[in-house]
Amino acid sequence: MNERRRIEFVTQRDGLQEARRWARRTAAIYRSAVLNPHHYAHEGARRRQFIEAYLELKRFANHGQA
């Protein structure tokens, strides 16, 4: 999962501040999915992909750079 394209799309469409808000919301959803033992993001290769995407989103949300 590469969030860079999604971040760029939302930034162009809605502006930087809204894109950062979107990134915070999406990161929270991904984090919740990884921590939920009943969600498919909790296990295996998907877990790593979700964690990497979460970190990318958090970086953007905190610093405004993809």
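All of the numbers you see were taken from the coordinates with simple rules; none came from a lab. This is a predicted model, so every value here is computed, not measured. Here Cβ is always computed from backbone atoms with ideal geometry, including for glycine, and neighbour counts include all displayed protein chains.
Structure remark: mean-square fluctuation, Gaussian network model of the chain, C-alpha springs under 10 Å; the largest value among Leu35, Leu16, Leu55 belongs to Leu35.
Per-residue extension of 0.36 nm, minus the Cα-Cα distance of Gln49 and Arg24, leaves a gain of 7.3 nm for this segment. Phi-derived couplings, Karplus 6.51 cos²θ - 1.76 cosθ + 1.60 at θ = phi - 60°, listed residue by residue for the range 6-16: 5, 4, 4, 4, 5, 4, 5, 6, 10, x, 4 Hz, with x used for Gly and Pro. For the chain, set up a GNM with springs between Cα atoms under 10 Å and report which of Arg47, Arg13, Arg21 has the largest fluctuation. Among Arg47, Arg13, Arg21, the largest GNM mean-square fluctuation belongs to Arg13. Taking other C-beta atoms within 10 Å as the exposure proxy, His39, His63 rank His63, His39 from fewest upward. With 10 Å bins beginning at zero, the pair-distance distribution over Cα atoms of the range 4-61 amounts to 27, 47, 23, 4 %. Helical runs (DSSP H, four residues minimum) scored at -39500 (n - 2.57) apiece and divided by the length of the chain put the mean residue ellipticity at 222 nm at -26000 deg cm²/dmol. Per-residue extension of 0.36 nm, minus the Cα-Cα distance of Arg59 and Tyr40, leaves a gain of 4.5 nm for this segment.
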